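> Starting off with a structure, shown below.
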Amino acid sequence: AQKVTQAQTEISVVEKEDVTLDCVYETRDTTYYLFWYKQPPSGELVFLIRRNSFDEQNEISGRYSWNFQKSTSSFNFTITASQVVDSAVYFCALTPLLTGANSKLTFGKGITLSVRP
Amino acid sequence: EAGVTQFPSHSVIEKGQTVTLRCDPISGHDNLYWYRRVMGKEIKFLLHFVKESKQDESGMPNNRFLAERTGGTYSTLKVQPAELEDSGVYFCASSQVPDRVEQYFGPGTRLTVT
């Protein structure tokens, strides 16, 4: 069975603060993919990043960075110098990396981030 | 390239009525998924089509839910008869084969059953 835990439910920061969104996962699969999606007020889920389990290199994309630590089963997401436009619900998700397998995503409950001006 | 579209965006129906949700995937995407988020909970998988075939429908809650994808293009999800606990946001996603891991989501349909 797979499980994704996003223990933080709501976070509120002031613009320009850095904020880290936590994601902890459980899986019996030895290879898997991890994702982050953003859901802005408009409602659609916007893909942010995909990492596979055999690549633990951290990634930075502009103000966004991701820290993947297999030893602690965590895939945390940091927004540097947050902006009001970052206000959204953020979801972490997991899927097995197996050819031919169903690639359904297992999601966490999501974290509501509010960035105040 | 057009993204995944869903219709309607909102639907309010009474308990016992029927509702049909529609999803148009990105053109050329053979994989189509339905997910649902009940308020405050996780987004949960409902089912997965590969072209017109159901690959996995293990997440469908019960036999009041019927999904179809005739011709392997758009998909419909019918709820009949609707119950109060069916309220939530229904998301559709699509992905390509063989690069089917990255799923692109639509804006969702918010269903309210009163």
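> Restricting attention to strands (runs of 3 or more DSSP E) lying wholly within chain A, give those where 2 or more residues are in contact (Cβ under 8 Å) with a residue 24 or more places away in the chain, within 14 Å of chain B (Cβ to nearest Cβ) and small (Gly, Ala, Ser).
A:88-96
> So which residues in segment A:68-97 are of a type in the set (S, T, N, Q), in contact with a Ser or Thr (Cβ under 9 Å, 6 or more places away or on another chain) and over 11 Å from A:LYS38 (Cα atoms), if there are any at all? Please lay out each step first, then the result.
Step one: filter segment A:68-97 for residues of a type in the set (S, T, N, Q), giving A:69, A:71-74, A:76, A:78, A:80, A:82-83, A:87, A:95.
Imposing the further condition that a residue be in contact with a Ser or Thr (Cβ under 9 Å, 6 or more places away or on another chain) reduces the set to A:73, A:76, A:78, A:80, A:87, A:95.
Correct list: A:SER73, A:ASN76, A:THR78, A:THR80, A:THR95.
> Something else now. Against the conditions (1) within 20 Å of B:GLN6 (Cα to Cα); (2) within 11 Å of chain A (Cβ to nearest Cβ); (3) in a loop (DSSP other than H, G, I, E, B), where does B:HIS48 fall short? Just the number, please.
(3)
> For the condition crowded, with 17+ Cβ neighbours inside 10 Å and away from chain A (no Cβ under 11 Å), what is the one hit in B:ASP24, B:ASP56? Can you show your working first?
Working: B:ASP56 fails: away from chain A (no Cβ under 11 Å).
That would be B:ASP24, the only listed residue that is crowded, with 17+ Cβ neighbours inside 10 Å and away from chain A (no Cβ under 11 Å).
> Could you check segment B:74-90 and list, in sequence order, the residues that are under 22 Å from B:GLY16 (Cα atoms) and either buried (at least 20 other Cβ atoms within 10 Å of the Cβ) or within 14 Å of chain A (Cβ to nearest Cβ) (or both)? Walk me through it before giving the result.
So in segment B:74-90, the residues under 22 Å from B:GLY16 (Cα atoms) come out as B:76-90.
Matches in segment B:74-90: B:LEU77, B:VAL79, B:ALA82, B:ASP86, B:GLY88, B:VAL89, B:TYR90.
> Right, here's the next one. For segment B:105-113, state whether one or more residues are at pLDDT 95 or above, buried (at least 17 other Cβ atoms within 10 Å of the Cβ) and among the aliphatic types (A, V, I, L, M).
Yes.
> Please work out if B:ARG64 is touching a strand residue (DSSP E or B) at 6+ places or on another chain (Cβ under 7 Å), surrounded by 17 or more Cβ atoms within 10 Å (Cβ to Cβ) and more than 21 Å from A:ARG50 (Cβ to Cβ).
Working: touching a strand residue (DSSP E or B) at 6+ places or on another chain (Cβ under 7 Å): yes; surrounded by 17 or more Cβ atoms within 10 Å (Cβ to Cβ): no; more than 21 Å from A:ARG50 (Cβ to Cβ): yes.
No, not satisfied.
The values are calculated or read from the model by the stated rules, or taken from the named source; none is laboratory data. Bear in mind the structure is a predicted one, so any value in this text is a computation, not a measurement. Positions of Cβ are generated from backbone atoms using ideal geometry, with glycine treated the same way; all protein chains shown enter the neighbour counts.
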